[in-house]
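Chemist: Got a structure for you, written out below as structure tokens; questions coming shortly.
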Amino acid sequence: MAPVKVTKICCIGAGYVGGPTCAVIALKCPHITVTIVDLNQARVDAWNSPDFKLPIYEPGLEEVVREARGRNLFFSTDVDKGILEADLIFVSVNTPTKKSGVGAGFAADLNYVELATRRIAQVATSSKIVVEKSTVPCRTAESMRTILEANSKPNCHFDILSNPEFLAEGTAITDLFAPDRVLIGSLQTPEGISACASLTEVYANWVPKDRILNVGLWSSELSKLAANAMLAQRISSINALSAICEATGANIDEVAHAIGYDTRIGPKFLKASVGFGGSCFQKDILNLVYLSESLHLPEVAAYWRQVVEMNEHQKRRFSKRVVDTMFNTITGKRIAVLGFAFKADTGDTRESAAITLIRDFQSEKAYVNVYDPQVVEEQIWTDLAEASPLVPEEQIKKQVRICKSAMEACKDAEAVVIATEWKEFNEINWEEVYQSMNKPAFVFDGRLLVDAEKLRNIGFKVVTIGRP
Ligand code: UDX
Ligand code: ADP
């Protein structure tokens, strides 16, 4: 079967994954028209905003959108038109952890994937390649295929591919420009292999062919969960070791450096922290736990569950260390929290450790000043309200103040807590910060960011993750 030459792509979902991914496809493939559709009017308006105030902050993204938008890249709320015109459709909708029903707290909520799939079946009048881009549990492609086949019009044929996205937020554009690999899973039938070849051709416009891996559908789906679970497990491992360092006098940075020299281990992703966040790690591991339990593999489930439990433990441990160090009480004290995003170079706050820390400080009756260079104020209030559903909004607003700069946040505080590794926190004038704070002035570095010796020389009492 000769592969279909793709000339029109539609991406359903203009979020953190669909937006940057398909913007880069448009940039690298000027001969392909790419339309990104989303039901959320405000989000689409932001993607289309004349002054490029895009809905997500990602270094390099604006330049990509500036070059491709209006040329062969379009953003729209007209989902049906997008579906009708495309030969290939990415499904890139959200798959959050279920909040109720069977598998609540573990399984992925596939409602958005199913609704998008049903829409494709209902609207399409010609054959399509449907690509699962959202991270989904194993065998979701099978469900999508069943829905599409049961609802399609005569002469409409659907091929399903799995093409999980491995970009990390904050480096999405460089990751997309030069991916370690592109993974495409397909059924090993002539039609499946041909659809896979069509998508391979799209990526081959800028990705070397030997980095485009073609595998079976289920391997592709599981590989995405496996990659995230192994990355998260590395962080929980180094964080578990950071607790030993604090108790023994070892230094976690030195330990990470030493073990990273082993070429089998490697130096990346060994940075101890106050805990991992982001939309993927926890969600994907819980998903893997749920899958393992469904397959009657309780020991496997318990193994992966511990990675998330260690992460929760790390956050609790850090809050406790703050309280313990500040003479066992932070009641009535003012704490500056620097950073609210789950990592630097993103405005995303999903599962951010800062949310848990601030909630803990609130319940100790402390006052919190928070500053983040990218997170919008509204998002901070939403996250804090969700974290403490029983606390009235006025109470939260009495205890928490959102500041416009790190300097403003630190003024009159007793302690500074670094929750996100924004580069600018290293560059602030710490002498000036010290002068403006109450004494003794504490710095709690949850990100191994600042030069502790330098700060101690200024007069700060410094507490660092993974150091005694
Ligand atoms: C992750 C995967 O890296 C990516 O491949 C996948 O597609 C989506 O999930 P992301 O969540 O965007 O990407 O960010 P990542 O850089 O992996 O960081 C996740 C969390 O781990 C952040 O909170 C980060 O601060 C933390 N982290 C990362 C550490 O605490 N230490 C490290 O050494 C690395
Ligand atoms: P991710 O981080 O996986 O990209 P996001 O939540 O950032 O997830 O983005 C998913 C997007 O998908 C949201 O903007 C949401 O409005 C959109 N979406 C969900 N369901 C549909 C649908 N059926 N049709 C169009 N867009 C959808």
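The values are calculated or read from the model by the stated rules, or taken from the named source; none is laboratory data. All of these numbers come straight from a predicted model, not from anything done at the bench. Cβ sites come from the backbone with ideal geometry, for glycine too, and all protein chains shown count toward neighbours. The area values use the complete protein model at the heavy-atom level, side chains included, leaving out ligands, DNA and RNA. Shrake-Rupley method; radii C 1.70, N 1.55, O 1.52, S 1.80 Å.
Chemist: Restricting to lysines 8 or more places apart or on different chains, can you count the pairs in the range 8-207 with Cα atoms under 29 Å from each other?
Modeler: Taking the Cα cut-off of 29 Å, the pair count is 19.
Chemist: As a test of the formula, what do you get for the chain when each DSSP H run with n ≥ 4 contributes -39,500 (n - 2.57) and the sum is divided by the residue count, at 222 nm and rounded to the nearest 500 deg cm²/dmol?
Modeler: -14000 deg cm²/dmol
Chemist: Rounded, prolate or oblate for the range 32-132? Axes are the square roots of the Cα gyration tensor eigenvalues, ordered a ≥ b ≥ c, and the cut-off for rounded is a/c under 1.5.
Modeler: oblate
Chemist: Averaged per residue, what accessible surface does the chain expose to a 1.4 Å probe, in Å²?
Modeler: For the chain, the solvent-accessible area averages 45 Å² per residue.
Chemist: On to the next question. Need the list of lysines near K439 for cross-linking: C-alpha distance under 21 angstrom, and skip anything on the same chain fewer than eight residues off.
Modeler: The reachable lysines, counting only those whose Cα sits under 21 Å from K439, are K320, K333, K365, K411, K454, K461.
Chemist: If you fit an axis through the alpha-carbon atoms of helix 111-123 and take the longest principal axis of the Cα set of the chain, what angle between them do you get, 0 to 90°, nearest 10?
Modeler: Tilt of helix 111-123: around 20 degrees.
Chemist: Could you give the distance between the Cα centres of the range 111-162 and the range 226-257, to the whole Å?
Modeler: Centre-to-centre (Cα) distance: 41 Å.
Chemist: Need one word for the range 204-362: rounded, prolate or oblate. Basis is the Cα gyration tensor (sqrt eigenvalues a ≥ b ≥ c); a/c below 1.5 gives rounded, then a/b vs b/c decides.
Modeler: prolate
Chemist: If you add up the charges near A247, with Lys and Arg at +1 and Asp and Glu at -1, over every other residue whose beta carbon is less than 14 angstrom from its beta carbon, what do you get?
Modeler: That works out to +2.
Chemist: Ignoring everything but the protein chains, give the 1.4 Å probe accessible area of H31 in square angstrom, nearest 10.
Modeler: 100
Chemist: Taking the square root of 5 times each eigenvalue of the Cα gyration tensor, what semi-axes in Å does the equivalent ellipsoid of the range 8-207 have, largest first?
Modeler: Result for the range 8-207: semi-axes of 25, 20, 17 Å.
Chemist: Which of the lysines could a cross-linker bridge to K343, judged by Cα under 19 Å and excluding same-chain residues fewer than eight apart?
Modeler: Cross-link targets: K268, K271, K283, K315, K404, K423.
Chemist: Along the range 422-434, what does the Karplus equation 6.51 cos²θ - 1.76 cosθ + 1.60 (θ = phi - 60°) give for ³J(HN,Hα), rounded to whole Hz, x for Gly and Pro?
Modeler: Result, ordered by residue: 4, 4, 4, 5, 7, 9, 5, 7, 5, 4, 5, 4, 4 Hz.
Chemist: Right, here's the next one. For the pair I193 and A302, how long in nm is the line joining their label points, each one 7 Å along Cα→Cβ?
Modeler: 4.4
Chemist: Tell me the accessible surface of S236 in square angstrom (1.4 angstrom probe, heavy atoms of protein chains only), to the nearest ten.
Modeler: Around 10 Å² of this residue is reachable by solvent.
Chemist: Work out from phi, with θ = phi - 60° and the Karplus expression 6.51 cos²θ - 1.76 cosθ + 1.60, the ³J(HN,Hα) of each residue of the range 349-356, listed in order in whole Hz, and give x for Gly and Pro.
Modeler: For the range 349-356, the Karplus curve yields 10, 4, 6, 5, 4, 4, 4, 5 Hz.
Chemist: Related question: Is the range 262-322 rounded, prolate or oblate when judged by the Cα gyration tensor, a ≥ b ≥ c being the square roots of its eigenvalues, rounded requiring a/c under 1.5 and prolate requiring a/b larger than b/c?
Modeler: Cα axes put the range 262-322 in the oblate bin.
Chemist: Continuing with the same structure: Output needed: Cys residues of the chain lacking any neighbouring Cys C-beta below 4.7 Å, sorted by number.
Modeler: Cysteines lacking a close Cβ partner in the chain: C10, C29, C138, C156, C196, C245, C280, C403, C410.
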